Amino acid sequence: MSGREFDVVVVGAGFAGLYMLHRVRALGLSVRVLEAGDGVGGTWYWNRYPGARCDVESMQYSYQFSPELQQEWDWTERYAAQPEILRYAEHVADRFDLRRDIDFGTRVTAAVFDDGAGRWMLETDRGERIAATWCVMATGCLSAPNDPPIPGLESFAGPRYHTGRWPHEPVDFTGLRVAVIGTGSSAIQSIPVIARQAAHLYVFQRTANYTVPAHNRPLDPAYRDAVKADYPAMRARARQNFPGIDYRINLQSALEVAADEREREYAARWADGGLPFMGAFRDLLLDPAANDTAAAFVRAKIREAVADPAVADALTPRNVIGCKRLCVDTGYWATFNRPNVTLVDISGAPIEAITADAVRANGREHPVDALVLATGFDAMTGTLLRIDIRGAGGRRLRDKWAEGPRAYLGLAMAGFPNLFTITGPGSPSVLTNMLPSIEQHVDWIADCLAYMRASGLARIEATAAAEDAWVAHVGEVAAPNLRSTCSSWYVGANVPGKPRVFMPYIGGFPAYVEKAAAIAGAGYAGFVLT
Ligand code: N01
């Protein structure tokens with residue numbers, strides 16, 4: 001099968017790909033979306049693990065491009081669970097009649113720029129070749145599962161699951177001994193649910209993690225109606241806020257207020273729940289002493305919640321709070337009070353081996369019937385690098401990024417004409433509310449395509465100088481931020497051998513949007529258009 005040709009090909013039918021398709025279609029360009037899964041939804045299609053839920057409030061974790069869509073969709077919970085978010089993505093696909101331009105079950109394996117023809121040639125795992133003038137990678141930031149290199153992993157005889165590739169049929173752990181490896185967001189959400197089913201649950205923890213309570217609840221219809229009555233105002237406030245989420249950030253320093261006032265601020269945010277905890281003071285991610293006041297508050301909460309002091313101690317993180325992505329949970333700490341849950345602290349030495357029916361760590365065999373890898377993703381770069389992408393002159397992206405990702409605005413790359421990445425490395429993306437970040441990138445790209453068409457232009461490419469300057473800027477703003485100081489997936493530390501580079505742009509959503517708009521307004525400064 002071969003020979004199809006489009007103006008634009010979009011890779012991925014998650015929230016980014018769906019909206020990109022909608023915008024490109026409205027420009028009157030021909031467009032095709034290629035999606036590896038059998039349905040829309042991206043992250044929310046794949047991550048079906050027990051307890052999967054978004055930790056940005058549902059009224060904000062949603063599209064805003066269509067006021068009608070915003071008004072007609074009713075979220076049921078403060079934080080939407082995965083099935084509801086997937087239904088929302090499916091509703092969007094149907095409402096805007098998007099499915100007819102999507103090839104499902106089609107994984108892109110290669111994308112090669114043809115210098116002579118000035119277009120991209122994509123290859124798929126179905127043996128197709130598809131040509132397009134512009135290629136948009138809407139492949140997601142957290143979509144390439146990270147399978148840990150644990151000796152013997154393949155020899156495990158029982159069922160093995162990765163949270164990011166969860167089966168579509170129900171998984172029942174009743175009566176089983178289960179191992180969960182990892183204690184990131186996915187693990188922290190799934191552990192309480194799995195513990196309620198399993199005969200015994202072993203949690204293998206390499207690094208203790210911070211989590212704050214979600215206090216999830218059914219969405220109050222009065223609140224929902226109030227937001228809907230003035231949705232644009234909430235969206236406008238969110239756009240002005242550093243993470244692109246509407247919540248109050250206290251502009252005081254944690255160190256300038258009295259200790260009792262500080263405690264009151266943390267207690268109020270703890271009681272309210274969720275990520276706004278980190279907005280308690282402006283310097284929590286800038287000043288280690290300020291950060292330690294928040295960390296101490298959470299550490300005390302762990303000691304309160306966990307009955308066994310030795311287990312509480314092992315669960316207590318020693319590093320900077322918020323350095324790794326803060327988790328949001330429902331009943332995580334208390335789960336370790338259950339008689340059927342055992343914490344296995346592997347901070348001193350890695351898991352020695354996985355055998356047919358056990359996980360061996362700290363010199364002990366832990367017999368298990370099922371294995372859950374909650375070991376995260378090869379973030380931001382993994383999905384792109386798993387595709388053989390070659391730009392002008394046959395240059396491979398893998399070579400260009402050998403020392404770490406390099407991109408202009410996280411949107412485009414020197415040497416890769418007419419290729420756009422939605423929420424690529426160097427964009428705020430994962431440090432913000434993904435939905436508005438996605439919409440902003442899609443709008444920027446669609447506006448750029450419209451501009452090119454109106455101006456009779458066929459080719460756009462970031463200059464090496466503009467890319468270098470942006471990469472340097474991304475590094476400069478990251479350096480003083482405590483988030484760049486620990487072994488997180490933000491710096492690629494979770495994947496052995498990955499270059500250590502702080503990948504997302506940490507200058508905040510408003511600053512980024514302003515810069516991206518200014519660049520477009522200046523006739524796409526830093527790009528060569530021909
Ligand atoms: O993955 P992670 P995740 N041996 O990388 C451990 C978003 N998200 O899927 O910290 C043993 O955070 C690893 O240990 P360490 C969110 O942005 C959002 O949980 O590297 N352990 C860590 O504990 C999030 O940050 C939501 O020492 C190994 C864990 O596995 C991102 O996705 C929900 C290991 C991986 O944690 C990724 O979250 C879920 C090994 N060889 C996800 N390798 C919500 O919106 C890794 N680990 C709520």
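Structural remarks
- Of residues in the range 480-497 being touching a residue at least 60 places away in the same chain (Cβ under 8 Å) and open to solvent by 40 Å² or more (accessible area, probe 1.4 Å), the one farthest from the chain's Cα centre (by Cα): PRO480
- Every condition in (1) closer than 29 Å to VAL430 by Cβ; (2) in contact with a helix residue (DSSP H, G or I) (Cβ under 6 Å, 6 or more places away or on another chain) is met by ALA312 except one, and the failing one is (1).
- Condition met for VAL477 (more than 30 Å from GLY41 (Cβ to Cβ), of a type in the set (Val, Ile, Thr) and surrounded by 15 or more Cβ atoms within 10 Å (Cβ to Cβ)): yes
- Hey, ASN250 at pLDDT 95 or above, more than 16 Å from the ligand (Cβ to nearest atom) and either in contact with a Gly (Cβ under 6 Å, 6 or more places away or on another chain) or assigned by TED's automatic domain parsing to the domain that holds ARG338 (or both) or not: yes
- Complete set of residues in the range 163-180 that are within 16 Å of the ligand (Cβ to nearest atom) and open to solvent by 10 Å² or more (accessible area, probe 1.4 Å): ARG165, TRP166
- Exactly one residue out of ALA349, ALA361 is assigned by TED's automatic domain parsing to the domain that holds ALA187, more than 21 Å from ARG269 (Cα to Cα), open to solvent by 10 Å² or more (accessible area, probe 1.4 Å) and within 12 Å of the ligand (Cβ to nearest atom): that is ALA349.
- Residue list for the range 333-346, filter: within 12 Å of the ligand (Cβ to nearest atom) and in a strand (DSSP E or B): VAL344, ASP345
- Unique match (being away from the ligand (no atom under 14 Å from the Cβ) and crowded, with 17+ Cβ neighbours inside 10 Å) among LEU397, LEU373: LEU397
- Flag for ARG206 being within 16 Å of the ligand (Cβ to nearest atom), of a type in the set (Lys, Arg), in the same structural domain as VAL368 (by TED's automatic domain parsing) and open to solvent by 60 Å² or more (accessible area, probe 1.4 Å): yes
- Residue list for the range 482-521, filter: within 16 Å of the ligand (Cβ to nearest atom), small (Gly, Ala, Ser) and in a loop (DSSP other than H, G, I, E, B): SER487, SER488, GLY492, ALA493, GLY497
- Residues (within 12 Å of the ligand (Cβ to nearest atom), hydroxyl-bearing (Ser, Thr, Tyr) and open to solvent by less than 20 Å² (accessible area, probe 1.4 Å)) located in the range 50-76: SER58
- Within the range 379-394, being crowded, with 21+ Cβ neighbours inside 10 Å and part of a loop (DSSP other than H, G, I, E, B) holds for ALA379, MET380, THR381, GLY391.
- When we screen ASN291, ASN250 for residues that are in a helix (DSSP H, G or I) and not charged (D, E, K, R), the only hit is ASN291.
- Test result for ILE438, open to solvent by 10 Å² or more (accessible area, probe 1.4 Å) and part of a helix (DSSP H, G or I): yes
- Being in contact (Cβ under 8 Å) with a residue 40 or more places away in the chain and surrounded by 21 or more Cβ atoms within 10 Å (Cβ to Cβ) holds for only one residue in ALA187, ALA157, and it is ALA187.
- Screening the range 77-119 for residues that are in a helix (DSSP H, G or I) and within 30 Å of LEU457 (Cβ to Cβ) and picking the one that is most open to solvent (accessible area, probe 1.4 Å) gives ARG100.
- Only a single criterion out of (1) small (Gly, Ala, Ser); (2) open to solvent by 50 Å² or more (accessible area, probe 1.4 Å); (3) part of a helix (DSSP H, G or I) is not satisfied by GLY28, namely (3).
- Of all residues in the range 315-331, one or more are more than 24 Å from the chain's Cα centre (by Cα) and in a helix (DSSP H, G or I).
- Odd one out for GLY273 among (1) touching a His at 6+ places or on another chain (Cβ under 6 Å); (2) crowded, with 17+ Cβ neighbours inside 10 Å; (3) within 30 Å of LEU176 (Cα to Cα): (3)
- When LEU457, LEU431, LEU411 are checked against the criterion of being open to solvent by 10 Å² or more (accessible area, probe 1.4 Å), assigned by TED's automatic domain parsing to the domain that holds MET20 and closer than 21 Å to CYS135 by Cα, a single residue qualifies: LEU457.
- Pairing residues of the range 34-54 that are not assigned by TED's automatic domain parsing to the domain that holds GLY331 with residues that are open to solvent by 40 Å² or more (accessible area, probe 1.4 Å) and aliphatic (A, V, I, L, M), at Cβ distances under 6 Å and at least 6 apart in sequence or on separate chains, gives PRO50/VAL193; GLY51/VAL193.
- When VAL368 is tested against (1) open to solvent by less than 20 Å² (accessible area, probe 1.4 Å); (2) out of contact with any helix residue (DSSP H, G or I) (no Cβ under 8 Å at 6 or more places or on another chain); (3) under 30 Å from CYS141 (Cα atoms), just one condition goes unmet, and that condition is (3).
- Residue in the range 222-243 that is under 30 Å from PRO339 (Cβ atoms) and among the basic types (Lys, Arg) present: no
- Comparison of LEU201, LEU142 shows that the only residue that is more than 30 Å from TYR451 (Cα to Cα), among the hydrophobic types (A, V, I, L, M, F, W, C) and assigned to a strand (DSSP E or B) is LEU201.
The values are calculated or read from the model by the stated rules, or taken from the named source; none is laboratory data. Predicted, not measured: the structure shown is a model, and the values here were computed from it. In this analysis, Cβ positions are derived from the backbone assuming ideal geometry, glycine residues included, and neighbour counts consider all displayed protein chains. Heavy atoms of the whole protein, side chains included, go into the accessibility calculation; ligands, DNA and RNA do not. Shrake-Rupley method; radii C 1.70, N 1.55, O 1.52, S 1.80 Å.
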